[in-house]
Amino acid sequence: MIIAIDGYSSCGKSTLARQLASALQYRYIDSGAMYRAITYELLRRKVDLNDLAAIREVLKDIHLDFQYDRAAQRSLLLLNGQHVEQAIRGWEVSEAVSQVAAIPEVREFAVAEQRRMGQQRGIVMDGRDIGTVVFPDAEVKIFMTADLHTRAVRRWKELREQHPDISLEEVEKNLQERDLMDTQRAISPLRKAADAFVIDNSHLNEAQQLQIALDYVKKVQEHLPIGKTIIP
């Protein structure tokens, strides 16, 4: 089975995806982390984000994969064999990732990597275009949303440990800009798949959103052909 979770920035996609993967004993793939890793590498190499030729050269040298960390009980992203989870969550990457993700060559590369990782199925993947572009035939599609202020507060709390001077207003403005870029880009814009189940978690805690998602997964399971199953 493939479970695709799409939605806006900082609306809890990754949290829910990890929860579902754990509950179902599936592999979790964070597509957003993949775009962050590409962005991180471009920034690290000081590549002009408008220089497509230079970007193409960097993409040739990038290999992405996920490794399950038993201590952390989660899958961690590897960029060319190196753990970069902490590095890709910084403010500089957050400011540039939507611009990088809108570059056609970057999206083509990332989608190919995502489909490669999904070949064995049994995955939960979250992002912006998983249910619409990467895996349009996914058995389960969930679209997540939350109001802007709630998302900004969540992201601000994540960032302030590394960036104590950052303001809530800056984070909210950044999310507004990312929403605009994500929904209006020409290639694979963020949109809800016609057959996606919507979860607005503005006023839900993690346990509540997981239960809603699991209930939906079970409902989908009831209509699957004999021999297919989601719940172990």
Candidates LEU190, LEU77, LEU168; GNM for the chain (alpha-carbon contacts under 10 Å) flags as most fluctuating LEU168
Debye, to nearest 20: dipole size of the chain, +1 on Lys, Arg Cβ, -1 on Asp, Glu Cβ: 560
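Kirkwood hydrodynamic radius for the range 122-189: how many Å is it when counted over pairs of different Cα atoms? Please report the intermediate quantities before stating the final value.
Values: mean 1/r = 0.0718 Å⁻¹.
Value: 13.9 Å, from the Cα pair sum.
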Which log10 I(q)/I(0) values, to two decimals, does the range 1-46 give at q = 0.28, 0.31 Å⁻¹ under the Debye formula with one point per Cα? -1.02, -1.12
For the chain, just run the numbers: alpha carbon Rg, then divide by 2.2 N^0.38 Å, N being how many residues it has. 0.99
Over the range 7-137, what is the percentage of antiparallel beta bridges among all DSSP beta bridges, to the nearest 5? 65
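For the range 71-183, what class follows from the C-alpha gyration tensor (a ≥ b ≥ c being the square roots of its eigenvalues): rounded when a/c is under 1.5, otherwise prolate if a/b is larger than b/c, else oblate?
Working: a/c = 1.72, a/b = 1.42, b/c = 1.21.
Prolate is the answer for the range 71-183, as a/c is 1.5 or above and a/b outweighs b/c.
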Given Cα pairs under 8 Å that are at least 6 residues apart, what percent is the relative contact order of the range 1-116? 25
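Over the range 1-118, what per residue volume does the convex hull of the Cα atoms give, in whole Å³?
With only Cα atoms used, the range 1-118 gives 106 Å³ per residue.
Rounded to the nearest 5, what % of the DSSP beta bridges within the chain are antiparallel ones? Walk me through the numbers on the way to the answer.
Numbers: 8 of 26 bridges.
In the chain, approximately 30 percent of DSSP beta bridges are antiparallel ones.
Bear in mind these aren't lab numbers, they're just calculated from the coordinates by the rules spelled out. None of these values were measured; they are calculated from a predicted model. Note that we place each Cβ from the backbone using ideal geometry, even for glycine, and neighbour counts take in every protein chain shown.
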